[in-house]
1. How much accessible area does Tyr169 have with a 1.4 Å probe, in Å² rounded to the nearest 10?
2. Restricted to Cα positions, what overall size does the range 337-410 have along the principal axes? Three whole-Å values, descending.
3. Give me the number: length gained by fully extending Ser266 to Asp360, i.e. 0.36 nm times residue separation minus the C-alpha to C-alpha distance, one decimal in nm.
4. Cα atoms only: what Rg and Dmax, in Å, come out for the range 183-260?
5. In square angstrom, what is the accessible area per residue of the range 238-409 with a 1.4 angstrom probe?
6. For Gly172, what charge total do you get from the other residues with a beta carbon under 15 Å from its beta carbon, if Lys and Arg give +1 and Asp and Glu give -1?
7. For all pairs of alpha-carbon atoms in the range 255-410, what percent lies in each bin of width 5 Å, listed from the first bin to the last filled one?
8. Got a number for the accessible area of Leu178? Probe 1.4 Å, square angstrom, nearest 10.
Amino acid sequence: MLLSFCLRSYDSHCTFCSEHRISHTHTLRADQLCGCFSVRNRLREIVGASTNWRDHQQALADRLSLSNQLAGSQDELPVRRMKDSYIEAHLPLGTDPTLREKYLNYLKGVRFGRILEDLDSLLWLISPVCDVTDMRKQIIHPDCDIKFTGHVTWVGKTSIEAKMHMSQYHGGAYTPVLDATFVMVARDPENKRAAFVNPLKPEGIEEEKLFQQGEINKTRRIELSTASLLKVAPTAEERKIVHSLFLNTLDSKTVSFRSRVLPPNSVWMEDAKVKGLEICHPQERNIFNRIFGGFLMRKAYELGWANACVYGGCRPNLVAVDDILFRKPVEIGSLLLLSSQVCYTEGKYIQVRVHTEVLDPLTRQHNTTNVFHFTFVTDKDVPNIVPQSYGESMLYLDGKRHFNQTLESQ
């Protein structure tokens, strides 16, 4: 399974880039991890954030004083090594039945949304966002301990790439389950501009390879952003695909562009949506008193999974999470609208896009906060998804791009 996250954090003060922080080489015991909430408490201790929601206004005011501690350039910051950010954490699913209950789904498997939450929490112990995750195994055992390890592998001037590895104790040894690459963007305490991060010095051939891969990943992200269908027209080949879809839906009994007929074994894109709403309570806040990104990831994944399940008529398995984009932070008390859309299908595969936005109940304004892309597979062929409007056709092409990228990465 491949998971590709591209998270951009807009409310983070990076602990990796400060001169006077404690060492980032951490080993969290089972009693320290025990789910993402304890990890967030550990983060609050490290950065000195408030632990009570009632104190958040004072905490926000205190953050402003941190601005004068930021470096004026990257050269002012000490060079770091990859091992300086190394972290190891254990999730005792095999030895803690109470904790295991929180991770079980109704099919007696592991709730993958919970794993996304934990990955997001742990990455903040390394540094402040995610780009590529390679899932080695389809099965995560609910009764076996899990180990997370990770460290920073690449830095730019204001961005950081970190890799996380997840393994599970099964058959007398830890075996790899997934590898994740997170891309983080450091911001100043007021969230108004970028903040410089420490330079990173690779040591040895393996670390040089990791650093070079980070440069390649950066170039790939720029290329994908430049070719976005929100910015440029589809390619000639993609335009042919859209026209072919249009011709396949024309009513042969009439000579009209308006008369459309759904082909056999197909579903209109308009009929392949599932929506949800979340009231954002303080319980789900991060150390900066905004909604925890892992919570958003879990809710988006579960909604996308439900949509794929309804569409395919059977239980889907996750194949990939690709390009999770955090556009804006979600404030406490927000009304968060989530909309999942099946945007592309091929054989047994279902590509789902989840769009989240914040609704201001007073002004009725909608602002996009996140976009998620999930690829699922079922045990049987699924109906073809068919767009009707031009906008839906662009969603179809965008879904096809993400799907093809997933296949190329496997």
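1. Counting only protein heavy atoms, Tyr169 exposes about 110 Å² to solvent.
2. For the range 337-410, the Cα extents along the three principal axes come out at 46, 27, 20 Å.
3. Gain on extension, Ser266 to Asp360, equals 30.2 nm.
4. Radius of gyration, then largest Cα-Cα span, for the range 183-260: 23.3, 70 Å.
5. Here the residues of the range 238-409 average 46 Å² of exposed surface.
6. -1
7. Reading the bins upward from 0: 2, 9, 18, 20, 18, 13, 10, 7, 3, 1, 0, 0, 0.
8. Leu178 has an accessible surface of roughly 0 Å² with all protein chains in place.
The values are calculated or read from the model by the stated rules, or taken from the named source; none is laboratory data. All values reported here derive from a predicted model rather than from experimental measurement. Cβ sites come from the backbone with ideal geometry, for glycine too, and all protein chains shown count toward neighbours. Note: areas computed on protein heavy atoms with side chains; ligands, DNA, RNA excluded. Shrake-Rupley method; radii C 1.70, N 1.55, O 1.52, S 1.80 Å.
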